[in-house]
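Below is one structure; the comments refer to it alone.
What follows draws every value from the coordinates through simple rules; no lab data is involved. Predicted model, so just to flag it, every value in this text is computed and none were measured. Because the Cβ atoms are built from the backbone with ideal geometry, glycine has one as well, and the counts that use them run over all protein chains shown.
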Amino acid sequence: MNFLKLVQGVVGEENATSDRAICASYSRDQHWHFVPAKNPAFVVRPGDKEEVREVLVLANREKVPVVPYSTGINVRGLAIPVHEGSVLLDLSRMNRILEVNPEMKTATVEPGVTFGMLLEETRKHKLRPAFPDAPLTVSVLVNYYLRGIYQTSAADGHDHTLSYEMILPNGETLKTGSRSLSEMPYFRYGVGPDFTGVFSAHPGTCGVVTELTAKLYRLYDNRKVYFVGFDEVGAATKVIYNLMNDELAASIRLVDNQSWLKGICGTFDFPYEELPKFVLCVLVEGVDGIFEAKAKLVQEYLADSADSADSADSGGTGGRVLEFPAEFARTFEEESLGGAEKSCMVFGLQGRGNYHCIGLYGPLTLAAEYYALHEKTALEVGIPQDHVHFYIDPIYSFHGQLCYFELDVFYDGSEPGAGEKLRNYNAKQFQRLLDLGIYGWFRPYAGIIEPTVERIGHLAEVWKKFLRVLDPNEIMNRGKLL
Amino acid sequence: MGQEREEILSAIQHCVKCKLCSIANFHPAEEWQPLCPSGEFYGYQAFYAPGKLEIFREILEGGLTESSEGLLKSVYACTLCGACYEKCRQVTSVEMRLPELFEELRGELVRKGWSLSVHREIAEKIKETRNAYGERQKYRDGAKSTNENAEVLYFIGCTARYRVPEIADAMLEIFDKLGIKYQVLGEEWCCGSVLLRTGQVEAAKELVAHNSEVIKNSGAKTVVFTCPGCLNTFKKNYPELGVELVHSTQFLAGLGEGEGGSDGDESSGGGLEVKKLGMAVAYHDPCHLGRDLGIYEEPRAVLKEVAGEKVKEMKREREQAWCCGSGGGVKSAFDEFALWCAGERVKEARAAGAEALVSACPFCKRNLKEAAEREAEEREETEKEGEEKEGKGMKIYDVVELVSKGLEGRRK
Ligand SMILES: Cc1cc2nc3c(=O)[nH]c(=O)nc-3n(C[C@H](O)[C@H](O)[C@H](O)COP(=O)(O)OP(=O)(O)OC[C@H]3O[C@@H](n4cnc5c(N)ncnc54)[C@H](O)[C@@H]3O)c2cc1C
Ligand code: SF4
Ligand code: SF4
């Protein structure tokens with residue numbers, strides 16, 4: 001019996017297809033300049049984890065490559081097949097919120113649950129997930145499993161996954177954290193090593209995660225927003241340091257005035273070009289008493305910074321508190337603590353429409369150097385300076401002055417030569433950043449992982465062997481590591 | 001090809017596959033509300049806007065060389081409602097004009113001979129009978145225009161002529177009650193909308209030429225449409241006819257202009273003397289009227305004259321209204337999907353506290369009514385099984401029906 005008939009026997013005829021047009025609709029994502037279009041041979045839409053297991057076992061037996069796909073919005077070509085004859089496992093039908101537990105401040109979700117869907121439920125309990133600055137249509141489970149970046153609510157820190165359940169190609173189930181020991185999936189470090197961490201954030205996947213338990217965070221009624229302008233990146237870092245050191249703000253983002261700020265403010269229609277080049281967006285929240293104290297301190301820091309700007313006929317580089325229309329603050333609040341819809345989607349500026357970025361972790365101390373390198377490399381490869389954008393997001397609890405940096409280019413993907421310029425940019429920039437020093441990449445995707453594994457010594461070998469243990473037939477979307 | 005290949009590919013390259021076009025604005029209500037009927041019903045990526053764009057690319061680049069069931073379904077089971085386009089431009093500021101791209105895609109399929117037999121049959125019917133339903137009798141056989149040279153011409157359209165004549169009846173009654181002289185065309189042919197929307201562009205040319213000719217010769221200055229699909233086709237696909245083209249609700253709202261409407265507003269519907277109906281109603285924005293033509297306020301203003309404060313807004317409305325499910329050739333080809341879609345709208349109206357769901361389009365009315373009747377039947381069955389359900393069957397109207405019911409004349 002052919003593979004299609006076999007899987008149709010598992011998921012039903014209407015949920016598995018080899019139709020070329022249906023397959024073509026999964027062939028490309030926004031990263032197509034780097035990951036070329038490729039059709040899966042089959043698309044299968046299981047309805048529950050038992051169906052996932054049966055499909056995996058069949059694929060393993062027949063050595064059919066498997067590409068799990070939860071919402072498919074990853075913008076790095078991660079769910080685009082690499083091999084001929086792949087089966088794309090579209091998990092979007094599995095979209096149940098299995099539990100929202102207000103006492104434990106946790107939620108357990110299936111792969112098809114999006115941030116929007118989850119917030120709709122959790123807000124009933126005055127709770128929210130930690131949000132990436134990604135469209136709220138993306139999968140919560142995958143975002144956490146890939147270990148995303150949560151700049152909209154930086155105070156939440158970095159790791160939001162407590163435990164999960166993953167089905168391996170041989171049909172076995174792995175449970176991580178306390179999930180492996182009991183019915184209580186609420187603790188990450190159940191037995192021995194941090195398996196929750198070890199199995200996640202690969203350039204691809206080891207198995208199919210079918211449910212994941214994540215932390216939830218409080219939604220506060222008290223909120224206040226500040227916008228402060230700076231002419232240089234370096235000048236903003238002192239204020240960022242103070243705000244981080246005293247753990248004052250829920251969200252702190254430094255963006256340039258021509259990019260993400262427009263989404264944060266929620267409108268394209270404002271003379272942003274008249275603002276200082278960089279704008280620090282700060283959101284303070286908390287319970288009564290603590291909130292007022294935090295807001296007071298933040299105001300003082302910002303006022304200090306503004307004073308140093310005044311004294312600066314002087315060359316002083318302090319900030320300028322910006323007065324914006326009230327709805328700008330409202331959008332910033334909504335999108336930071338309720339899921340991003342506009343704030344991450346601004347690259348349509350002047351009809352350009354496409355977005356390229358190198359996302360990396362590094363210390364705040366190198367902020368100005370990362371930016372300078374971004375401008376320099378872009379210039380060298382012929383990317384216009386007005387296409388060059390920048391983003392800093394410091395992350396609590398700020399050990400190592402941990403920040404997420406985004407070196408962005410907003411471009412018109414249909415322009416001839418655009419892809420080549422970006423590829424040249426990447427080739428130079430990956431090496432330069434590694435030379436300058438970074439903590440790590442946002443995600444290990446195609447193109448970025450190759451020059452990196454060269455530098456990690458024996459760890460690379462161990463990593464590859466580890467993946468082979470879980471997936472000896474190499475059927476999973478191993479992506480680009482092997 | 002209407003648009004150049006490079007232009008189309010360029011538009012396709014701008015889609016980042018964020019899929020925000022599949023839901024209505026999340027903020028400030030923070031509710032997850034689907035927006036794309038075809039994606040929501042069928043599930044595969046091919047049925048959402050970003051997936052369809054990839055299929056189009058694959059065809060243009062020569063990767064798809066044969067028709068298939070999945071191709072025809074994903075391309076034609078889209079109501080061309082334009083909700084994806086409105087949402088996309090709002091969040092990205094990129095003008096992808098998705099429904100136009102999808103129409104181009106259909107045109108490309110038809111040129112390759114990849115079309116649905118049911119759509120080809122409609123073209124045959126139109127060729128034979130000049131209407132989309134293949135009907136041979138005439139609407140109100142023997143009914144005459146009140147005045148063959150009247151300045152107002154009512155273009156009835158196939159659906160109001162042959163499937164929901166109560167809308168045409170209501171419109172004529174309104175003219176009569178208001179003492180407005182009107183004419184209807186003895187030789188009104190299908191406007192061509194269904195052919196154009198299904199990619200059968202060539203077949204529509206004869207219809208456009210005929211209707212243009214008879215309207216030019218009619219001496220009319222204003223053409224009134226109760227069908228937004230016809231109106232949109234006249235505006236988009238017809239040559240300039242030198243006449244004013246208006247929707248019934250614009251026409252009625254315009255009667256108040258300069259005469260001081262009930263709230264002193266222009267285009268308010270305030271020129272009508274209407275008895276209030278005392279029924280809570282929700283207004284459904286027809287896609288062609290709202291998203292295509294930008295007409296959102298006039299129908300609401302006219303409805304307010306009839307229902308007063310009892311007009312309820314549904315959660316998805318105006319640019320982000322949920323489609324009724326019948327447009328783009330879907331009703332004829334994928335009736336189950338069309339009815340599901342309308343059923344969702346009926347539920348939404350009920351949740352808004354409405355007793356009646358009111359549209360301004362014969363096509364919407366027909367589909368919503370069928371869905372409401374089906375729902376009522378199902379309800380009866382479950383009630384028999386002892387499971388009480390809240391509320392009664394939803395009533396479905398067109399705005400002009402409610403106006404004609406309550407109309408007492410022109411406001412002095
Ligand atoms: C405009 C924009 C901005 C963004 N900004 C951010 C940001 O600020 N921070 C951030 O974190 N992310 C950001 N993202 C990326 C986004 O968060 C990712 O899309 C998301 O993390 C996961 O993508 P997805 O759900 O669509 O996963 P998919 O595309 O479905 O899958 C991604 C990868 O995970 C694998 N996978 C999918 N499902 C499973 C499963 N159940 N088990 C195992 N493996 C699986 C796939 O094979 C693939 O390798 C942004 C995206 C966009 C479009
Ligand atoms: S059409 Fe627009 S909103 Fe939809 S996926 Fe593409 S870019 Fe996103
Ligand atoms: S036009 Fe309507 S049905 Fe078609 S893809 Fe867009 S939102 Fe979906």
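Note down the nm distance, to one decimal, between modelled labels 7 Å out along Cα→Cβ at residue B:347 and at residue A:292.
Going by the 7 Å Cα→Cβ label model, 4.7 nm.
Local charge sum around residue A:97 (other residues, Cβ-Cβ under 11 Å, Lys/Arg +1, Asp/Glu -1)?
That sum, taken over residues with Cβ under 11 Å, equals -4.
If amide hydrogens are placed 1.01 Å from N in the peptide plane, which non-local residues have theirs closer than 5 Å to the one on residue B:410?
B:273
Quick one: in the range B:5-115, what % of C-alpha pairs are over 22 Å apart?
28 percent
Just tell me how shielded A:133-140 is by partners: mean number of partner chain Cβ atoms within 10 Å of each residue's Cβ, no decimals.
The shielding value for this peptide is 3.
Taking chain A as the reference, fit the longest principal axis to its C-alpha atoms, fit the long axis of helix A:367-381 to the helix C-alpha atoms, and give the angle between the two in degrees, 0 to 90, nearest 10.
With both axes taken from Cα atoms, the answer is about 70 degrees.
Residue farthest toward the positive end of the dipole of the protein assembly as shown, with Cβ of Lys/Arg at +1 and Asp/Glu at -1: which of A:233, B:25, A:477?
Of the listed residues, the answer is A:477.
I'd like the distance between the alpha-carbon centres of the range A:139-178 and the range B:8-78, rounded to an integer number of Å.
Distance between centres, Cα-based: 28 Å.
So if each residue of separation counts as 0.36 nm, and I subtract the Cα-Cα distance between residue B:313 and residue B:374, what length gain in nm does that give?
Between residue B:313 and residue B:374, full extension yields 19.6 nm more.
Arranged by the count of other C-beta atoms within 10 angstrom, fewest first, what order do A:82, B:346 take?
By the 10 Å Cβ count, ascending, the order reads A:82, B:346.
Averaged across the residues of B:19-30, what count of C-beta atoms belonging to other chains lies within 10 Å of each residue's C-beta?
Neighbouring Cβ atoms belonging to other protein chains average 6 per residue here.
If the reach is capped at under 17 angstrom between alpha carbons, list the aspartates and glutamates near residue A:421, excluding any in the same chain fewer than eight residues apart.
Partners within reach: A:375, A:380, A:386, A:408, A:412.
List the aspartates and glutamates whose alpha-carbon lies under 14 Å from that of residue B:276, not counting same-chain residues fewer than 8 positions away?
B:305, B:309, B:401, B:408
If you add up the charges near residue B:180, with Lys and Arg at +1 and Asp and Glu at -1, over every other residue whose beta carbon is less than 10 angstrom from its beta carbon, what do you get?
Around residue B:180, the surrounding residues sum to +1.
Amide H to amide H, which residues 5 or more places from residue B:23 or on other chains are under 5 Å from it, using H placed in the peptide plane?
The list, which skips near neighbours in sequence, is B:35.
To the nearest 0.05, how large is the calculated FRET efficiency for residue B:235 and residue A:219 if R₀ is 41 Å and r is the Cβ-Cβ distance?
0.30
Once the Cα atoms of helix A:458-470 and of chain A are each reduced to a long axis, what angle between those two axes, in degrees from 0 to 90 to the nearest 10, is obtained?
Approximately 40 degrees, to the nearest 10.
Counting each pair of different Cα atoms once, what's the Kirkwood radius of chain A in Å, rounded to one decimal?
23.4 Å
Share of antiparallel DSSP beta bridges in the protein assembly as shown, in percent to the nearest 5?
70 percent
Treat each spin label as a single point 7 Å out from the Cα along the C-beta direction, and report the residue A:350 to residue B:173 distance in nm.
5.9 nm
Which order results if A:96, B:161 are arranged by neighbouring Cβ count within 10 Å, fewest first?
A:96, B:161
Which residue fluctuates most in the GNM of chain B (Cα springs below 10 Å): B:318, B:163, B:291?
Ranking B:318, B:163, B:291 by mean-square fluctuation puts B:163 first.
On a 24 Å Cα-Cα criterion, which of the cross-link pairs A:238/A:428; A:124/B:395; A:277/A:376; A:5/B:112 come out too long?
A:238/A:428; A:124/B:395; A:5/B:112
Please state, as a whole number in µm²/s, the translational diffusion coefficient that the Stokes-Einstein equation yields for chain B at 10 °C and 1.306 mPa s, with Rh defined as the Kirkwood radius across alpha carbon pairs.
Answer, rounded: 72 µm²/s.
Picking from B:331, B:17, B:304, which is most flexible by a Gaussian network model of chain B using Cα springs under 10 Å?
It is B:17.
Could you state the principal axis extents of the C-alpha atoms in the range B:281-403, from the largest down, to the nearest angstrom?
45, 37, 24
Within a 10 angstrom radius of the beta carbon, how do A:218, A:28, A:20, B:136 rank from fewest other beta carbons to most?
Exposure proxy ranking, most exposed first: B:136, A:218, A:20, A:28.
Check the straight Cα-Cα distances from residue B:138 and name the aspartates and glutamates below 12 Å, setting aside those fewer than 8 residues away within the same chain.
Qualifying aspartates and glutamates at Cα under 12 Å: B:187, B:188.
Long-range amide H contacts for residue B:64: which residues qualify at under 5 Å (H placed 1.01 Å from N, peptide plane, sequence gap of 5 or more or a different chain)?
Those lying under 5 Å, H to H, from residue B:64 are B:59.
Would you mind calculating the gained length between residue A:369 and residue A:48 on full extension (0.36 nm times residue separation, minus the Cα-Cα distance), in nm to one decimal?
Going from the current span to full extension adds 110.7 nm.
If R₀ is 22 angstrom, what is the calculated FRET efficiency for the pair residue B:151 and residue B:205, using the beta carbon separation as r and rounding to 0.05?
In this case the efficiency is close to 0.20.
Based on the mean of other Cβ atoms within 10 Å per residue, sort peptides A:323-332, A:127-136, B:366-375, A:365-374 so the most packed one is first.
A:127-136, B:366-375, A:365-374, A:323-332
Which residues does the label zone of residue B:340 cover in the range A:28-59, counting backbone N under 20 Å from a point 7 Å along Cα→Cβ?
The answer is A:43-48.
Among B:355, B:166, B:244, which one moves the most in a GNM of chain B with springs linking Cα atoms closer than 10 Å?
So, out of B:355, B:166, B:244, the one fluctuating most is B:244.
Could you tell me the calculated FRET efficiency between residue A:431 and residue A:123, based on Cβ-Cβ distance and R0 = 56 angstrom, to the nearest 0.05?
0.80
Residue A:25: net charge of surrounding residues, Cβ under 15 Å, Lys/Arg +1, Asp/Glu -1, itself excluded?
Net charge in that neighbourhood comes out at +2.
Could you check the simple spin-label distance between residue B:216 and residue A:82, using points 7 Å along Cα→Cβ, in nm with one decimal?
6.4 nm
Residue A:103 to residue A:474: extension gain in nm, 0.36 nm per residue of separation minus the Cα-Cα distance?
129.5 nm
Please compute the average number of Cβ atoms from other chains found within 10 Å of each residue's Cβ in peptide B:8-14.
Partner-chain Cβ atoms within 10 Å, mean over residues of B:8-14: 5.
I'd like the orientation of helix A:49-62 relative to chain A: the angle between its Cα long axis and the longest Cα principal axis, in ° from 0 to 90, rounded to 10.
60 degrees
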